[in-house]
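Below is one structure, written out as structure tokens; comments come after it.
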Amino acid sequence: MTLRSLAQELTEPHLKSIGGRIGKVPSLLSELRDAVSGSSDTGAGGSTSKQRILVNATALELLKKIDETIKPGYSDRFGQSPPTLETCVELIGKNPHEADWELWFTEKLEWAKQEIETMLRPKKLRRLDGITCPSCQQKVFGTERETCLYADCWLDNDTLLPPSEWSVECKGCTATWKGQKEMGWLLVALAPDDC
Ligand SMILES: [Zn+2]
């Protein structure tokens, strides 16, 4: 993405394709601020208040990290004390820069966008309850008896990938599996009621 479009996505409402439909979404920084203040349900649908507090803390920390990265860059580049984070990003997007600055700002805004999106829209994983991990032979782990196995098997919210493109991770022993050949045991385990 260009520096300009990155800056726009971070600071202005924009159009986005969501599950095959085009809709207007708020700017990423305003979504992040909403998550900090807890005024939005973004990303934690049906969450408990405990989860919500965790989201707020993570969002606040991320906002601080972005602020502390962009503002000093802005000061160095423009030789003046930085305005609000949003204004910094807008001005960075609208002004021409020398190649080094262009590269640095693009890198940092790309990073900010990725971090915000990963935090607000975590990848949906399928929890594989009741299946034994072939590596550690557990179905659950830890004192909370959490499920071991999770499959990364969704292309987006509505579309399931074919099993050959899944990857599976065990949170108990950190073993991972990927691709058709390694997935055989899982397909066998899922077969009776799921396939
Ligand atoms: Zn395991």
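FYI, it's all coordinate maths here, none of it is from the lab. Not measured: the values here are computed from a predicted model. So basically every Cβ, Gly included, is an ideal-geometry build from the backbone, and we count neighbours across all protein chains shown.
Results, tabulated for the structure shown:
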item	result
Qualifying GluC sites (Glu not before Pro) for region 83-122 [loop in DSSP, other Cβ within 10 Å: at most 11]	98
Region 67-112-region 133-175 distance, computed between alpha-carbon centres (Å)	40 Å
Additional length obtainable on full extension of the chain from residue 56 to residue 185, 0.36 nm per residue less Cα span	42.5 nm
Calculated over the chain: convex hull of Cα atoms, volume per residue (Å³)	164 Å³
For the chain, built as a Gaussian network whose Cα springs stay under 10 Å, the top-fluctuating residue of 149, 63, 120	149
222 nm mean residue ellipticity, helices alone, for the chain (DSSP H n ≥ 4; -39,500 (n - 2.57); rounded to 500)	-16000 deg cm²/dmol
Computed label-point distance, nm, for sites residue 176 and residue 146 using a 7 Å Cα→Cβ extension	1.7 nm
Ranked 148, 88, 153, criterion: other C-beta atoms within 10 Å, fewest first	153, 88, 148
Sorted by Cβ density within 10 Å, fewest first, the residues 36, 25	25, 36
Kyte-Doolittle mean at least -0.5, axial Cα span of 20 Å or more - DSSP H helices of the chain	49-78
Which listed pairs, of 16/123; 16/178; 113/139; 64/94; 16/64, have C-alpha distances above 28 Å, in listed order	16/178; 113/139
For residue 172, distant residues with modelled amide H under 5 Å away	none
Computed over the chain: relative contact order in percent, which uses C-alpha pairs under 8 Å that are six or more apart	16 percent
Virtual paramagnetic centre 7 Å along Cα→Cβ of residue 118, amide N under 15 Å, in region 58-79	58-59, 61-63, 65-66
Sequence-distant residues sharing a close amide H with residue 154 (under 5 Å, placed H)	161
